Amino acid sequence: MNMEVDLLELSDRSARFILSGVDASFANGLRRAMLADVPTLAIEEVGIYNNTSVLYDEQIGLRMALIPIATNFEEFVPHTECSCEDGCPACSVAFTLSVEAEDEERMVYSGDLVSSDPKVSPADSSIPIVLLKPGQKLVLEATATMGFGHDHARWQAGVACGYKNMPVIDIHDCDRCGACVTVCPRDILVLGEESAEVVEDGTLRCSLCKLCVGSCDIDAIDVTEDVNSFIFTMESDGSYSAQQLIINAVSTIKEKASSLDMILGEL
């Protein structure tokens with residue numbers, strides 16, 4: 001059986017595709033890799049020099065940690081795998097922030113962070129950090145390091161990754177009573193000339209609730225699952241584009257499989 005990928009939707013931050021020719025373990029492995037095994041840059045340490053805002057230093061630090069940092073998968077290495085001890089340009093990036101509200105209140109945004117590396121910046125410049133009232137100030141330094149989502153949520157590039165089995169809808173010997181059409185919550189069934197029919201994109205929209213099966217008195221409709229085909233939906237926090245995150249997740253799985261094969265070969 002050969003793996004196939006049919007792309008349904010693709011944008012910079014999200015994707016939807018059909019993954020066929022694999023079992024549930026591989027599909028779940030891909031999901032977990034996107035959530036936890038693709039390393040990203042995230043702010044881990046914050047040194048606050050002046051904070052007269054309404055938020056405590058700890059709250060500022062938490063908000064900083066949750067700002068997605070656009071990451072180049074190939075230019076940085078995870079801090080835990082780096083030869084340095086306290087951070088270096090190979091595994092970390094320094095940021096500074098200095099904002100003061102003078103005569104009017106001023107919102108501090110992620111775009112106010114100044115990076116030591118011109119190629120690295122917050123994935124979104126409009127993420128609010130804190131609202132400063134007139135006369136308040138926030139001055140800090142921060143260090144973003146490369147890490148993994150399985151160690152902390154700050155390094156989790158995938159924010160909504162999930163899948164479901166591809167539904168298989170079989171209609172036979174239908175008497176056109178219309179009961180299944182009435183109960184379907186997704187409106188994926190219609191009455192055709194000879195029997196009930198599935199609309200064009202109905203299989204993809206089916207939630208596998210099987211209300212239609214229960215409503216049919218003559219058992220003319222069956223809804224099952226294709227155990228080797230999955231409808232995948234994923235979103236990125238912006239650290240990577242959706243396409244990059246999927247590719248990096250597959251590369252991570254491939255590297256782990258190669259390492260396992262090498263270890264088993266040495267036994």
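Of the residues SER14, SER239, VAL250, the one whose Cα sits farthest toward the positive end of the charge dipole of the chain, with +1 on the Cβ of Lys and Arg and -1 on the Cβ of Asp and Glu, is SER239.
So what is the diffusion coefficient of the stretch 134-212 in µm² per second by Stokes-Einstein at 25 °C and 0.890 mPa s, using a Kirkwood Rh over Cα pairs? Estimated diffusion coefficient is 142 µm²/s. Taking PRO122, PRO89, PRO68 in turn, the Gaussian network model of the chain (Cα-Cα springs below 10 Å) assigns the largest fluctuation to PRO89. Among 92-98, 198-204, the peptide with the highest mean count of other Cβ atoms within 10 Å heads the list, and the full ranking is 92-98, 198-204. Compare GLU81, GLU45, GLU100 in a GNM of the chain, Cα atoms joined below 10 Å, and give the one with the largest fluctuation. For the chain, modelled as a Gaussian network with Cα springs under 10 Å, the answer is GLU81.
By the equivalent-ellipsoid construction on the alpha carbon gyration tensor, the chain comes out with semi-axes of 48, 26, 13 Å, ordered largest to smallest.
Of all alpha-carbon pairs in the stretch 40-154, indicate the percentage at a distance above 25 angstrom. Looking at the stretch 40-154, the distances longer than 25 Å represent 22 percent of pairs. Dividing the summed -39500 (n - 2.57) terms of all DSSP H runs of n ≥ 4 by the residue count of the chain sets its mean residue ellipticity at 222 nm at -6000 deg cm²/dmol.
Among GLY111, GLY178, GLY238, the residue with the largest mean-square fluctuation in a Gaussian network model of the chain, with springs joining Cα atoms closer than 10 Å, is GLY178. When only Cα pairs below 8 angstrom with a gap of at least 6 residues are kept, the stretch 148-197 shows a relative contact order of 27 percent.
Just so you know, all these numbers are worked out from the coordinates, no wet-lab data involved. Note that the structure is predicted; figures quoted are calculated from it, not measured. Note that we place each Cβ from the backbone using ideal geometry, even for glycine, and neighbour counts take in every protein chain shown.
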